[in-house]
Amino acid sequence: MIIYKDLKKLKEDVTKLIQDSQYIIQWHHIKPLHPEIEKIDVISTLLYGKYAVDKHVEWRYLSWSKLTLRKKLVRVVFEVRKNNGKKIIVVTAFEEE
């Protein structure tokens, strides 16, 4: 796992990784509870959302945004892992009213 102290650097890295298609969305965690969430919702949230460090796991991060197709708040929990390069691993995502 990669631990970031600077959220600005995290967002820069995440943006680059998304542009380079270096991410994995774990739909098996997302779709059973939130079938309405689409790839564009997850990507938009990661690109344009606000960021915070997860309070329980130091190498996980949160992003949230209303810049989605349905204008609802989407939250994404993710981590950045190094495995022959960097990849974004989306642990879960959900939509709120």
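Quick one: which residues, 5 or more positions from Asp54 or on another chain, have an amide H under 5 Å from its amide H? H modelled 1.01 Å from N in the peptide plane, none for Pro or chain starts.
Arg60, Tyr61, Leu62
What are the ³J(HN,Hα) values, in whole Hz, obtained from phi via the Karplus relation 6.51 cos²θ - 1.76 cosθ + 1.60 with θ = phi - 60°, for each residue of segment 20-32 in sequence order, with x given for Gly and Pro?
Per-residue couplings from phi come out as 8, 6, 9, 8, 10, 9, 8, 4, 5, 8, 8, 4, x Hz.
What does the charge count near Arg60 come to, summing +1 for each Lys or Arg and -1 for each Asp or Glu among other residues with Cβ under 9 Å from its Cβ?
My count for the surroundings of Arg60 gives -3.
Net charge near Lys9: determine it from the other residues with C-beta under 14 Å of the C-beta of Lys9, scoring Lys and Arg +1 and Asp and Glu -1.
Around Lys9, the surrounding residues sum to +2.
Can you pull out the chymotrypsin sites (Phe, Trp or Tyr not before Pro) in segment 43-97 that DSSP calls coil and that have at most 15 other Cβ atoms within 10 Å?
Working: sites: Tyr48, Tyr51, Trp59, Tyr61, Trp64, Phe78, Phe94; in loops: Trp59.
Loop-located and lightly packed - Trp59.
Any idea what angle helix 39-48 forms with the longest principal axis of the chain, computed on alpha-carbon atoms, 0 to 90 degrees, nearest 10?
50 degrees
Using θ = phi - 60° and the Karplus form 6.51 cos²θ - 1.76 cosθ + 1.60, what ³J(HN,Hα) does each residue of segment 81-89 get, whole Hz, x for Gly and Pro?
10, 9, 8, 6, x, 9, 9, 8, 10
To test your reading of the geometry: what angle, between 0 and 90 degrees and rounded to tens, separates the Cα axis of helix 7-19 from the longest principal axis of the chain?
Tilt relative to the chain: about 70 degrees.
With each run of n ≥ 4 DSSP H residues scored as -39500 (n - 2.57), what mean residue ellipticity at 222 nm is computed for the chain after dividing by its residue count and rounding to the nearest 500 deg cm²/dmol? Please report the intermediate quantities before stating the final value.
Numbers: 3 runs with 27 residues, N = 97.
Mean residue ellipticity, 222 nm, calculated: -8000 deg cm²/dmol.
Under a point spin-label approximation (7 Å from Cα along Cα-to-Cβ), what is the Leu33-Leu62 distance to one decimal in nm?
If labels sit at Leu33 and Leu62, their model points lie 1.3 nm apart.
Given that just one value was derived from the coordinates, which of (i) 15.0; (ii) 13.3; (iii) 17.0 is Kirkwood radius over Cα pairs in Å?
Given (i) 15.0; (ii) 13.3; (iii) 17.0, the structure-derived one carries the label (ii).
Sorting check: for 70-76, 16-22, which peptide has the highest mean count of neighbouring beta carbons within 10 Å, and how do the rest follow?
Values: 70-76: 16.6, 16-22: 12.1.
So the peptides 70-76, 16-22, ranked by packing, come out 70-76, 16-22.
Bear in mind that the values in this text are calculations on the coordinates, not laboratory data. Bear in mind the structure is a predicted one, so any value in this text is a computation, not a measurement. As a convention, Cβ positions derive from the backbone with ideal geometry for all residues, glycine included, and neighbour counts pool all protein chains shown.
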